[in-house]
1. Need the full-extension length gain, residue 39 to residue 186, defined as separation in residues times 0.36 nm minus the C-alpha distance. One decimal, nm.
2. Stretch residue 132-residue 171 to full length: gain in nm at 0.36 nm per residue minus the Cα-Cα span?
3. In deg cm²/dmol and to the nearest 500, what is the mean residue ellipticity at 222 nm of the chain if only DSSP H runs of at least 4 residues count, each as -39500 (n - 2.57), divided by the residue total?
4. Can you give me the Rg/Rh ratio for the chain, using Cα atoms for both radii and the Kirkwood formula for Rh?
5. Once you list every other residue whose beta carbon is under 15 Å from the beta carbon of residue 51, what net charge do they have if Lys and Arg are +1 and Asp and Glu are -1?
6. Can you put 105, 68 in order, fewest other beta carbons within 10 Å first?
7. Can you list the residues of segment 88-130 with backbone N under 13 Å from a point 7 Å past the Cα of residue 144, pointing along Cα to Cβ?
8. Compute the helix-to-body angle for 221-247: its Cα long axis versus the longest principal axis of the chain, expressed 0 to 90° and rounded to tens.
Amino acid sequence: MRHGSTLKITAPVRVRWLGVSRLALVSVLVALLGALIPFWTHNAPFLLVLLSDAMIAALVAVSLDMLMGNTGLVSFGHAGWFGLGAYAVGLLARSVTSEMIPLLMMVIVLGIGVSWVVGRIFIRQVGTAFAILTLAFSQVLYALVFLFSKYTGGEDGLQAIPVPTVFGVALSNNDAWYWVLYGILVVAICAALYLRRSPLGKAWIAIRENPERAYFIGLNVARLKLLSFIISGTLATVAGGLFVLFTGATSPDSMSWFESGKMLMYVVMGGVGSVVGPAIGAVVITLAENYISSFTQAWLIYFGALFILVVIVAPNGIFGLFTRLWKLLDPGERGER
């Protein structure tokens, strides 16, 4: 009898372990398949360029989720950070160096510095006040582009950015660009997932769920929010820097309110707080936008309808829907029932 009860307790645990292993295996297989895409797109170079653009969008989505998913703060001006990185790297590439690694290191320092200064002012605000402040910040940057048009190109933006190099080797091949962007995205997702599961991530979640309770149990709410804000802003500036190096140009539209709205859609459609979900949402939206706009000028109407449909069918996003389906197939879940 005692032996039988032991079997009852350990069997579901063993099944759950197997379920987790399968999920990890599926994740690794999907990541490997993503890395092999250039081998399947030799006859469709435009598709590879589009997917590379989607990788940059996914990186932006992960950066915004680092703020929204960790602290519950919503940014209406996230494109400001993206545009800041794009213009900074573009100007540095034209005047200092075309080496990608030093350029990215410089934009990381810039992202940390600006995020720290701005964050100390904004971070004590919550809800609508915080969102409006971030929107105002992005619009200030947008206006500065026109104010200093002698350097930024004004409405025309920055053009003819030199082809970036890595240790002296020009990064001009679409396949190489895809692997670079895909590798950076995978590293960013893994780092974000690690942070989310760390004690720091647990503290962020406590703040997101109940800031007052988090404060009373001894957490430094303002400092932890600021840290999340810095990570989010810095990653977005890196994405902007990669964008201008990849496309060879940028414009004021890169930091417009419309782009900020799209970034919010990436996160909401993918699933706030899931890290992987926003990246998936960014890829889906980028591909859908390109496909629908090729058929009609009124693509925004159809695009909006698609977004509403996804939100209704999957209120927790695409990743939330996938997780729900996975649990239905997970024998560990069935064993617990």
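Each value in this text was obtained by applying a stated rule to the coordinates, not by laboratory testing. Keep in mind the model is a prediction, meaning the values are calculated, not measured. Cβ placement follows ideal geometry from the backbone for every residue including glycine, while neighbour counts extend to all protein chains displayed.
1. Extending this stretch completely gives an extra 51.1 nm.
2. Length gained, residue 132 through residue 171: 10.2 nm.
3. -26000 deg cm²/dmol
4. Answer for the chain: 1.01.
5. -3
6. Ascending Cβ contact count within 10 Å gives the list 105, 68.
7. Those under the cut-off are 88-89, 110-119.
8. The angle comes out at about 60 degrees.
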